[in-house]
Amino acid sequence: MIIMQKNKLFQGKTLAILSGGGDTPAINSSIESVRNRASLLGFKVFGVRHGWKGLIGEGDIVDLTNQPYNGWYGGSALRSSRTNPFPSKKNPENRVPQILHNLEKYKIDVLVTIGGDDTNGAAKRLYETEGIPVIGFPKTIDNDLRTRTMHNFNGEDIEAVLCPGFPSAAKAIAEYTAKLKTTAESHSRIIVLEVMGRDAGWLTGSAIFGGAELGLVPEYEITKERKEVFFETVKEAYMQSPKKSLIIPVSEGVRWYNEKEDKVDVVYASSEVDEYGHPRFGGISGVIASDISKRLKIEARAQITGYYARSGICRKYDRRLTTTLADKIVDLLLKEEFGQMPVIKKMVPYEELEEYNAASIDMGQIGNKPLPEQYYNVDKFSFSEAYIDFLSKILKYMRYEDFEYDFPIVIPEDLK
Ligand code: F6P
C-alpha cells in the first residue's frame, strides 16, 4: 500500500530552473537532479526555457514536475541563450522589470540558475539588487568559474575548480586526441589541436591524457621572444618522439605574436560580441600550424575540436558530480539560504563525490578562475605534474593505444 505523504514542507511553492550560456553534456543531469530533489520536498518544478530569455516578454515556462526526464542526454532540454537581464552594449534594454513581472505572474518562489560566470553573475545581481531568491548551479566546459575546490598535491593546497560539464568535455578531448594520434603518426605530422577556452586553459590540458604533448593556454601570451623559444621546444619534442609526430593542444583564446602587425593577438571567428560582451574566437590552430611549417619545415596541420567537446552524453563523473551538488541544494532550500552556489570542497575521484564533500559559496565570490600557476610550466610550454594529478582524479589515467614497432630496414643484397 502506498501512503501518500501529505503536507510536504514546500507544498504550494514553485521552484524554477533555467540554464544559460554555452551548453555542456551535464546540464540535463543537473536539471533532473535538482528537479527530483525539489519535488521530494514538495515544490512544483518549472523549467524556464532559453535562459533569461524565458523570463522576458510573455515568458516561456514549462512544467517539469511529473515529467519523464533523461539526465544522461547531453545539452539542455530547457535550451539555452546568452540573454543578459541587464543592459549591455549589444542590448541597451533593462529587462529586469520584465523578469520581476514574470516571476510574479508564474508565481515562482525560488530560481535555480545553471550557468557560468555570466548567467550566475546576473543571478547574483538580481539577488542583491532585487532580493530574488536564487541558488546558482555551476556549469561550464571551460572550468573557469571559481568553485574554491582545493586540490592537495604533494602536501600543497592548490585552489582548483570543478565545474559540471568539464569532466565530460575533458574526457571527450582526451579520447579525440587519442584517435588523432594514429593519423599524426602515419604522416609524421604535427597536429595543432584547438580546444575551447576563451580565457583559461583547463580543458586544453586534457589532451595530454590522450597522448598530446606541450600545450598553449590563454593565461600566458606568446610574445615575439617566447615564440622563438616555443619553436625550439616543438622541434626538440618532435625529434625526440619515437614516430616523429606530435599533437599540440592550444586554447582558442591563445594570444600569439603576429609578425605582419607586430602585435600579440587572439584570432577572432567573428567580430560580433554577445550580450555579455564576449567575441567569438576560432582559427588560432591554423595560424600556429602554418607558422610551425614555415619556421621548422615540418609538415603541420590544424584541427579544431570546437563543439565536439561539449556535445553528447553526460559522463559518469559529471552525473555523480551534479547529483552531489543537487543534494547540497536540498540543504540550501531547507535553510532558505539564497544567493549561494553549491560546490565540491576537495578534488576527489568519482567514488568520493559525496555530500559531505560539498559546501556552498556566496555567489558574491564567484568569478573567473584561470589555471593555477602550479598547473603549467611557462618555460616549457607544458602542463605540470600537479595538473596531471588534478585531472587524474576525474579521468583516472591516460588512455591511448600505442603500437610500438621498429621494423628492421632491408638492405639490398648487392649493397651488403
Ligand atoms: O562558454 C563556453 C564556451 O564553450 C567557450 O569555450 C566558447 O568560446 C564559447 O562557449 C562558444 O560558444 P558559442 O559558439 O555557443 O557562442
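So here's what we get for this one:
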quantity	calculated
Among 90-101, 329-340, 186-197, the order from most to least packed when residues are scored by Cβ within 10 Å on average	186-197, 329-340, 90-101
Along principal axes, Cα extents of region 147-187, largest first, whole Å	42, 25, 9
Unit charges on C-beta of K, R, D, E only; dipole of the chain, Debye	1180 debye
Proximal lysines to LYS416, defined as alpha-carbon separation beneath 29 angstrom and excluding residues fewer than eight positions away on the same chain	LYS243, LYS244
Sequence of SER19, SER311, SER76 once ranked by neighbouring C-beta atoms within 10 Å, starting from the fewest	SER311, SER76, SER19
Helical mean residue ellipticity (222 nm; -39500 (n - 2.57) per DSSP H run of 4+; nearest 500) of the chain	-9500 deg cm²/dmol
Region 333-410, relative contact order in percent, only Cα pairs under 8 angstrom and at least six apart counted	26 percent
Magnitude of the charge dipole, region 64-117, Cβ model with Lys/Arg +1 and Asp/Glu -1, debye to 20	220 debye
Gyration tensor (alpha-carbon) shape descriptor, region 337-403, a/c threshold 1.5	oblate
Residues whose placed amide H lies under 5 Å from that of ALA269, excluding near-sequence neighbours	ARG280, PHE281, GLY282
Selection from THR119, SER29, THR140 lying farthest towards where the dipole of region 1-148 points positive, charges on Cβ	SER29
Too-long pairs where the Cα-Cα distance tops 25 Å, listed order kept, from LYS179/LYS227; LYS53/LYS90; LYS124/LYS369	LYS179/LYS227
Normalised contact order of the chain, rounded percent, pairs of Cα under 8 Å and 6 or more residues apart	19 percent
Angle in degrees between helix 284-296 and the longest Cα principal axis of the chain, rounded to the nearest 10	10 degrees
Exposure proxy ranking, count of Cβ atoms within 10 Å, fewest first, for VAL34, VAL45, VAL287	VAL287, VAL45, VAL34
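Every read-out reported here was derived from the displayed coordinates using simple, explicitly stated rules and does not represent laboratory data. Because the structure is predicted, anything quoted here is derived from the model rather than measured. Every residue, glycine as well, gets a Cβ built from its backbone with ideal geometry; the counts of neighbours run over all protein chains shown.
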